[in-house]
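A.B. asks: For reference, the structure I am asking about is given below.
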Amino acid sequence: MTLPPRVRRALSRLRRDLLFVAAGVLPHLLVVPLYLWAALCIGPTLTGSDANAPVVLMAPLALLCAAGPGLTEVQRWRFRALCGVELPRLGLRRLRRQFGYNWLVGPLLGTLELLLLALLATGVAAATVLLWIWALPWQWRIGHPGYTTQATYLTGLGLLALAAVVPGAAGLVRLENLVGRAVLGVSRHDELARRVEDLTESRAGAVDAADAERRRIERDLHDGAQQRLVSLALNLGLAKATLTDLPPEAREVIEAAHREAKDAIEELNHLVRGLHPAVLDELGLDAALSGLAARAPLPVRLRVDPLERTTGAVEGVAYFVVSEALTNVAKHAREATRAEVTVARIGGILRVVITDDGPGGADPARGSGLTGLAQRVRSVDGTFRMSSPVGGPTTMSVELPCPG
Amino acid sequence: MSGVNAPTAPATGPGASEGANGVRRAVIAEDSVLLRIGLVKVVEMAGFTVAAEAGDAAGLLAAVAAHRPELAVVDVRMPPGFTDEGVRAALSIRREHPDTAVLLLSQYVEERYAADLLAAHTGGVGYLLKQRVADVEEFVEALRRVAGGGTALDPQVVSQLLIRRASDPLERLTAREREVLELMAEGRSNSAVAARLVVSESAVAKHINSIFTKLDLPKADADHRRVLAVLRFLGVAAGR
């Protein structure tokens with residue numbers, strides 16, 4: 001007989017819930033006999049009627065103490081194996097919560113679990129009462145005439161009880177989950193700390209991946225399109241130099257194509273340089289920045305303190321900052337006559353300052369260039385500051401923490 | 001106009017070993033096949049015979065050892081590492097085969113490479129951006145100049161090396177004198193400088209004399225002073 005998937009799912013959930021509930025009874029109620037034992041010893045201890053009582057009292061108390069952390073481990077296993085919920089390994093930490101759960105909350109939950117199981121057992125027994133009657137030999141039936149209306153009522157009640165078990169079990173599992181996680185679970189502080197750790201790690205991974213991707217694109221363009229363009233420009237140059245007897249219109253076309261090709265090379269070079277130049281990996285920030293400064297359309301004074309190499313991600317961001325800043329100066333501060341780039345490492349901080357004598361008035365909130373720049377700086381936990389009063393000068397200051 | 005401005009090539013310098021039959025040979029190392037084909041054409045246009053083509057530094061060194069060419073045109077970034085293979089090969093060629101001049105081609109100017117090259121050698125070397133090959137006539141001239149024992153530096157190399165100079169005697173130069181010095185550094189002769197700046201040759205000579213005075217260069221042999229001025233300008237400690 002095949003069941004519809006909905007029913008099958010409901011049945012497997014019920015099975016899981018019941019298993020979880022059943023597995024909780026023993027660890028939750030284990031402390032109850034210890035309480036009784038301790039209670040039996042307390043009376044004689046207080047009245048002093050039995051000299052052994054204080055010593056015997058030690059036993060249940062010691063067991064109760066051991067039950068705290070011990071039962072927590074059992075609960076961890078129960079939640080993980082039967083419910084798929086991961087509770088932290090507490091060991092001997094946060095004992096108050098562990099004792100609270102195992103001494104006080106546990107017996108209450110255990111009682112509820114026991115009641116639910118009892119309801120299940122009664123339900124099963126009552127719902128099948130007609131079967132019992134039918135199965136008993138007639139001589140053993142004491143005063144029961146057999147298939148009576150009473151038995152039918154009983155069957156109905158049993159089925160009702162079974163129907164109540166399903167939501168009851170689900171509700172109890174939810175309750176236990178709430179209580180278990182609230183008392184034994186990770187505290188909000190710990191959870192946030194772990195989350196920050198996770199995010200820091202994954203963000204570093206993302207930054208590295210983006211860096212690697214930039215390197216790959218740079219390499220691909222260098223090996224592909226750039227060589228092709230140079231070759232194209234070279235051939236056009238050869239045509240221009242050798243085909244001297246062409247009609248002037250044809251020469252003009254070749255010359256225009258030659259110019260276009262050279263401009264395309266310039267543009268592509270500029271684009272590729274903004275990505276992640278190979279020289280940055282080979283020779284470091286100093287060498288890479290001097291290339292940027294030399295290509296800038298205005299005089300740039302570059303002061304780089306002797307630097308030890310830092311991580312590729314930090315160097316990449318520092319390079320990008322200078323590249324974007326100089327591009328910005330060229331684009332928006334045409335009146336600027338000079339710019340200055342200073343790079344220094346102070347302790348664990350790499351400080352990059354770019355100043356220009358342009359008209360100022362740059363707004364970091366506007367312009368995607370500056371926004372992108374600030375974002376990349378933040379991606380390595382750096383800080384980005386900009387001061388650009390109207391009338392100038394504009395100063396951009398970036399601080400990047402560099403490990404090691 | 002080849003090598004007028006460059007250090008007078010000593011008897012052992014590049015260009016002195018022109019083959020007995022007058023054929024000038026060149027070796028080309030460039031990993032992009034497409035570009036290599038074009039380079040061969042231009043080098044041949046400059047009057048060289050291409051003796052061998054190589055796709056990496058090892059092949060280049062073997063070809064130079066085998067053919068002893070007058071000129072090697074070398075790409076900086078080559079397999080296997082795609083970093084500075086060409087520069088290292090160029091330095092080793094100039095060390096082991098002083099008769100072979102080397103012209104380095106690079107997609108970008110890396111000042112450190114240029115400085116390495118110039119610190120060891122002041123003649124028979126060149127460092128140009130790859131895209132300069134498109135300006136065929138100028139490139140042909142640069143090829144001849146380098147093979148003749150002169151130098152050819154990309155204007156970008158010059159401006160990049162210049163960035164290092166923060167404050168020194170160069171600040172005393174006038175803007176025009178700086179321009180003249182920059183063009184000298186690129187490896188141009190007096191008449192080429194004059195043509196570029198649209199002034200007379202005697203005006204250029206006057207500027208150059210003023211540069212020598214301001215840089216406190218001794219009144220010795222003019223060519224030597226010229227090299228010293230350029231090197232001081234570039235901030236490169238001259239080797240040999």
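The values are calculated or read from the model by the stated rules, or taken from the named source; none is laboratory data. All values reported here derive from a predicted model rather than from experimental measurement. All Cβ positions, glycine included, derive from the backbone under ideal geometry; neighbour counts span all protein chains shown. Accessible surface areas use protein heavy atoms only, side chains included; no ligands, DNA or RNA. Shrake-Rupley method; radii C 1.70, N 1.55, O 1.52, S 1.80 Å.
Residues are listed down the side, and each one gets a yes or a no for (1) under 25 Å from A:His276 (Cα atoms); (2) more than 14 Å from chain A (Cβ to nearest Cβ); (3) without any contact (Cβ under 8 Å) to a residue 40 or more places away in the chain:
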{"position": "B:Ala63", "(1), (2), (3)": "no, yes, yes"}
{"position": "B:Asp75", "(1), (2), (3)": "yes, no, no"}
{"position": "B:Ser92", "(1), (2), (3)": "no, yes, yes"}
{"position": "B:Pro98", "(1), (2), (3)": "no, yes, no"}
{"position": "B:Glu111", "(1), (2), (3)": "yes, no, no"}
{"position": "B:Leu129", "(1), (2), (3)": "yes, no, yes"}
{"position": "B:Glu141", "(1), (2), (3)": "no, no, no"}
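A.B. asks: Inside segment A:172-197, can you point out the residues that are in a helix (DSSP H, G or I), within 12 Å of A:Arg97 (Cβ to Cβ) and not basic (Lys, Arg)?
C.D. replies: Those that are in a helix (DSSP H, G or I), within 12 Å of A:Arg97 (Cβ to Cβ) and not basic (Lys, Arg): A:Val179, A:Gly180, A:Ala182, A:Val183, A:Leu184.
A.B. asks: Given the options B:Gly81, B:Gly86, B:Gly149, B:Gly124, name the one that is in contact (Cβ under 8 Å) with a residue 40 or more places away in the chain and either within 14 Å of chain A (Cβ to nearest Cβ) or open to solvent by 30 Å² or more (accessible area, probe 1.4 Å) (or both).
C.D. replies: B:Gly86
A.B. asks: Hey, another quick one. Hand me the list of helices (runs of 4 or more DSSP H) wholly inside segment B:39-128 holding 2 or more residues that are under 13 Å from the mean Cα position of the chain (by Cα).
C.D. replies: Here the list reads B:85-96, B:111-120.
A.B. asks: Moving on to the next point. Scanning for something open to solvent by 40 Å² or more (accessible area, probe 1.4 Å), farther than 14 Å from A:Thr395 by Cα, in contact with a Leu (Cβ under 9 Å, 6 or more places away or on another chain) and assigned to a loop (DSSP other than H, G, I, E, B), does segment A:360-367 turn up at least one residue?
C.D. replies: no
A.B. asks: Please find, within segment A:294-306, the residue that is farthest from the other protein chains (Cβ to nearest Cβ) out of those that are open to solvent by 40 Å² or more (accessible area, probe 1.4 Å) and in contact (Cβ under 8 Å) with a residue 40 or more places away in the chain.
C.D. replies: Here the residue is A:Asp305.
A.B. asks: Can you find a residue in segment A:61-73 that is in contact with a helix residue (DSSP H, G or I) (Cβ under 8 Å, 6 or more places away or on another chain), among the polar types (S, T, N, Q) and under 24 Å from A:Arg96 (Cβ atoms)?
C.D. replies: Within segment A:61-73 (the criterion being in contact with a helix residue (DSSP H, G or I) (Cβ under 8 Å, 6 or more places away or on another chain), among the polar types (S, T, N, Q) and under 24 Å from A:Arg96 (Cβ atoms)), the answer is yes, since at least one residue qualifies.
A.B. asks: Could you list all residues from segment A:175-205 that are under 24 Å from A:Leu275 (Cα atoms), loosely packed, with under 15 Cβ neighbours inside 10 Å and touching a residue at least 60 places away in the same chain (Cβ under 8 Å)?
C.D. replies: Answer for segment A:175-205, where residues must be under 24 Å from A:Leu275 (Cα atoms), loosely packed, with under 15 Cβ neighbours inside 10 Å and touching a residue at least 60 places away in the same chain (Cβ under 8 Å): just A:Arg203.
A.B. asks: I would also like to ask the following. Tell me whether segment A:126-133 contains one or more residues that are modelled with pLDDT of 80 or more, in contact with a Lys or Arg (Cβ under 6 Å, 6 or more places away or on another chain), more than 30 Å from A:Val377 (Cβ to Cβ) and surrounded by 12 or more Cβ atoms within 10 Å (Cβ to Cβ).
C.D. replies: No, there is no match, as no residue in segment A:126-133 is modelled with pLDDT of 80 or more, in contact with a Lys or Arg (Cβ under 6 Å, 6 or more places away or on another chain), more than 30 Å from A:Val377 (Cβ to Cβ) and surrounded by 12 or more Cβ atoms within 10 Å (Cβ to Cβ).
A.B. asks: Is it the case that A:Thr155 is touching a helix residue (DSSP H, G or I) at 6+ places or on another chain (Cβ under 6 Å), among the polar types (S, T, N, Q), open to solvent by less than 70 Å² (accessible area, probe 1.4 Å) and in the same structural domain as A:Arg80 (by TED's automatic domain parsing)? Write out each step before concluding.
C.D. replies: Values: touching a helix residue (DSSP H, G or I) at 6+ places or on another chain (Cβ under 6 Å): yes; among the polar types (S, T, N, Q): yes; open to solvent by less than 70 Å² (accessible area, probe 1.4 Å): yes; in the same structural domain as A:Arg80 (by TED's automatic domain parsing): yes.
Criteria met by A:Thr155.
A.B. asks: Further, regarding this structure: Output the number of the condition that B:Ile37 fails; it satisfies all remaining conditions of (1) surrounded by 19 or more Cβ atoms within 10 Å (Cβ to Cβ); (2) out of contact with any Ser or Thr (no Cβ under 6 Å at 6 or more places or on another chain).
C.D. replies: (1)
A.B. asks: Restricting to segment A:279-293, and then to whatever is surrounded by 21 or more Cβ atoms within 10 Å (Cβ to Cβ) and facing another protein chain (nearest Cβ under 10 Å), can you tell me which residue is farthest from B:Ser159 (Cα to Cα)?
C.D. replies: Among them, the one singled out is A:Val279.
A.B. asks: Something else now. With the structure loaded, tell me whether A:Ala169 is touching an Asp or Glu at 6+ places or on another chain (Cβ under 6 Å), part of a helix (DSSP H, G or I) and either open to solvent by less than 90 Å² (accessible area, probe 1.4 Å) or in contact (Cβ under 8 Å) with a residue 40 or more places away in the chain (or both) or whether it fails that test.
C.D. replies: yes
A.B. asks: Additional query: Taking the condition among the β-branched types (Val, Ile, Thr) and at pLDDT 90 or above, does A:Val183 pass?
C.D. replies: When the stated conditions are applied, A:Val183 does not pass them.
A.B. asks: Among the residues of segment A:207-237, write down those that are open to solvent by less than 40 Å² (accessible area, probe 1.4 Å), within 7 Å of chain B (Cβ to nearest Cβ) and under 19 Å from B:Pro79 (Cβ atoms).
C.D. replies: Across segment A:207-237, the qualifying residues are A:His222, A:Gln226, A:Gln227, A:Val230, A:Ser231.
A.B. asks: Counting just the residues of segment A:377-390 that are in a loop (DSSP other than H, G, I, E, B) and open to solvent by 60 Å² or more (accessible area, probe 1.4 Å), which one comes out farthest from A:Val343 (Cα to Cα)?
C.D. replies: A:Val390
A.B. asks: Could you go through segment A:241-253 and let me know if any residue there is within 14 Å of another protein chain (Cβ to nearest Cβ), assigned to a helix (DSSP H, G or I) and open to solvent by less than 60 Å² (accessible area, probe 1.4 Å).
C.D. replies: yes
A.B. asks: Please enumerate the residues belonging to segment A:308-335 that are away from every other protein chain (no Cβ under 14 Å), without any contact (Cβ under 8 Å) to a residue 40 or more places away in the chain and either among the hydroxyl-bearing types (Ser, Thr, Tyr) or open to solvent by less than 50 Å² (accessible area, probe 1.4 Å) (or both).
C.D. replies: Selection gives A:Glu315, A:Ala330.
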